[in-house]
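Working notes, structure below.
Bear in mind that the values in this text are calculations on the coordinates, not laboratory data. Computed from a predicted structure; not experimentally measured. Glycine gets a Cβ as well: all are built from the backbone with ideal geometry, and neighbour counts include every protein chain shown.
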Amino acid sequence: MKNKYIVLALSLAGILSAQTKNDLVSPNENLIAENILPIPKNLNQAIKKYSESRNASVASVHPNGKEIIAVTRFASTNQLHKISVPMGARKQLTFFDEPVNTASYEPVKGEYLIYAKDTGGNEFGQLFKLDLKTMESTLLTDGGRSQNGGMMWKKDGSGFYFSSTKRNGGDRDVYYMNPSKPEDTQLILEVKGGGWGISDLSEDGKKLLITEYVSANDSYLYLYDLESKKLEPITDRKEKGVVQSAASFSKNPEEIFYVTDRNNEFSRLAILNLKTKKTEYLTSSIPWNVEDYDLSKDQSKIAFVTNESGINKLYILDTATKKYVPVNQIPVGLIGGVKFSNDGKSLYFSRSAADSGSDIYKMDMASQTIERWTESEQGEMQPADMSVPKLIEWKSFDQMKISGFYYPAASKFTGKRPVIINIHGGPEGQSMASSIGSSNYFTNEMGVAMIYPNVRGSSGFGKTFIAADNWDLRMNSVKDIGALLDWIAKQPELDKDRIMIMGGSYGGFMTLATAYEYADKIRCSVDIVGISDFNTFLKNTEEYRRDLRRVEYGDERIPKMAEFFTKIAPLNNIDKIKKPMFIIQGTNDPRVPVTEAVQMRDKLKAQGKTVWYLEAKNEGHGFRKKENVDFQRLAVIRFMQEYLLK
């Protein structure tokens, strides 16, 4: 037992040996750091190997099918880059302090882009036009506290439809804009609620397919006639517990493709007849969710991606025969952003795996050959440095089967290993078999194992599972973590006495709730943009989100629900929290407001609890700027050294 942490202790002693002020890492001017122990610069050097990785994903394909816009980071934030040949140079197009993660080519000549950008992580995305000849950007939207996005181009490229909250900040209406005359933007459709979006525009430009998202379990489809101004329901608004989304017009004007979980646990690709309302299911033989698809411009092929127990598979469907085949030559991993070229001869997509970041690939549809287009640097990390996940399962208090991904500590470490449980947000998010990036420092250099659980309420496991944490069932998902703590205690290679809970957003609530429910079974916790009281959260979250969140969490205007929220609020259970806590928050967070973090911090301090605090004045719902991400990582490592490993 004495030698258990000797390697780590010696390296830690070396790192902490020189602590003059010049030898310490200081937070930048945008960071508010409270109670964080000194961070030596040689720790910063020690993690460099793990902190310099990057990823690439497809944003848009040029109308000629031979050039793409990629999103990747070379400095502080993600920006747009043009790539013209496979493995060619990435020509950077945008150079902002704020990240740019979406873009769309004008669809006929591709002479300019429309992209979206917010300020300081506030998520009030504004649309800009980037002229690819002059490289000048022009603001197209109001530049204020509105959200703008979800573009759908007219086929001739003369303009696009988009959604915006600019009318009142809460309702996501549909507008039309000619980007050459943004001052003439027209309000096309007024709606009620923040979950509306455009799915497709008909070939003749006369009809829009509109989706209304209500919750992870309920969404509906509408047809909007641009000439008569009539909005007609395609699906039944009274029908509850059914997802209907991602609609596209087919060659047959009376039929649409869409994704639905009607009469099934999982979402299937389907065809809906608009006249008879009959649905034909196309992917019933795949017992998993169809998560993404793209329809070729000539509507002869559909490329669709499934989520099969935390990994993705790509399939190609022939719309004439309705038969599909898997693309088997892609190595196991995660696949996203599938986009056909205009001529349908090529398919672009991104792929990542546990031992690599995300990169862009192109598949020739005729030969099925796959060509790599980017190779994103992973810093000095080698595949051998990266922990490969194992799927694990355990039974919860009610015998429900829960699963997650376990990333073991490097084999060079002996004895029982400390554990980080990292809980995703959403709550309908899902932890998948992906690379943990810089967190490989924890597994490879600190000897800490990591577990990413998918508690009830996670997506990917059927609609019964995703609804199993709603409203007054909320604490059952926390009990799933309790059952995981019991599972860890039975594993011979894991140390049940050295467990850290960590999570962001809803995962932050789960972290805070675990900290008071299972105080005696954990060593410490890290809460990132977490909810400390659902009553105050629902009062202060942005208006466009409020009703959408009430469907999932419960309506605080109902006295019985408010009473339940008061009972389970971590803010009201601080006397039960016994272990050190680290709270991390963005000042401009529109989802989980900074007040959720501040009230938790202040009450912990008032009761004399150990609490570290880090707030970024130029961030929102999680840190996106590299300099902030790097300091957060260092501070978390320092917290772990002090409270998990000592």
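Some points to look at:
- Filter result for K496 (among the basic types (K, R) and within 29 Å of A410 (Cα to Cα)): yes
- Qualifying strands (runs of 3 or more DSSP E) (wholly inside segment 337-440; at least 2 residues being among the hydrophobic types (A, V, I, L, M, F, W, C) and closer than 28 Å to F631 by Cβ): 417-423
- Residues that are within 23 Å of F405 (Cβ to Cβ) and in contact (Cβ under 8 Å) with a residue 60 or more places away in the chain were ranked within segment 333-342; the one that is surrounded by the fewest Cβ atoms within 10 Å (Cβ to Cβ) is G336.
- Residue within segment 449-459 that is assigned to a loop (DSSP other than H, G, I, E, B), touching a Gly at 6+ places or on another chain (Cβ under 6 Å) and surrounded by 22 or more Cβ atoms within 10 Å (Cβ to Cβ) present: no
- Checking A246, A303, A320 one by one, the residue that is surrounded by fewer than 18 Cβ atoms within 10 Å (Cβ to Cβ), in contact (Cβ under 8 Å) with a residue 12 or more places away in the chain and closer than 19 Å to L347 by Cβ is A320 and no other.
- Applying the condition of being surrounded by fewer than 18 Cβ atoms within 10 Å (Cβ to Cβ), touching a Ser or Thr at 6+ places or on another chain (Cβ under 7 Å) and of a type in the set (A, V, I, L, M) to segment 366-396 and asking which residue is nearest to D318 (Cα to Cα) yields L391.
- Test: residue in segment 379-401 that is under 28 Å from L494 (Cβ atoms), among the aliphatic types (A, V, I, L, M) and without any contact (Cβ under 8 Å) to a residue 24 or more places away in the chain: yes
- The set of residues from segment 550-561 being assigned to a helix (DSSP H, G or I) and out of contact with any helix residue (DSSP H, G or I) (no Cβ under 6 Å at 6 or more places or on another chain) comprises R550, V551, E552, P559, K560, M561.
- Contact map, segment 629-643: residues that are without any contact (Cβ under 8 Å) to a residue 24 or more places away in the chain and in a helix (DSSP H, G or I) paired with residues that are surrounded by 22 or more Cβ atoms within 10 Å (Cβ to Cβ) and acidic (D, E), Cβ distance under 9 Å, separation 6+ or inter-chain. No pairs are found.
- Test result for G120, under 24 Å from the mean Cα position of the chain (by Cα), assigned to a strand (DSSP E or B) and either surrounded by fewer than 20 Cβ atoms within 10 Å (Cβ to Cβ) or on the phi > 0 side of the Ramachandran plot (or both): no
- Residue in segment 572-589 that is over 12 Å from S532 (Cβ atoms), of a type in the set (K, R) and surrounded by fewer than 19 Cβ atoms within 10 Å (Cβ to Cβ) present: yes
- Residues that are buried (at least 18 other Cβ atoms within 10 Å of the Cβ), in contact (Cβ under 8 Å) with a residue 60 or more places away in the chain and not in a loop (DSSP other than H, G, I, E, B) were ranked within segment 180-231; the one that is farthest from the chain's Cα centre (by Cα) is D218.
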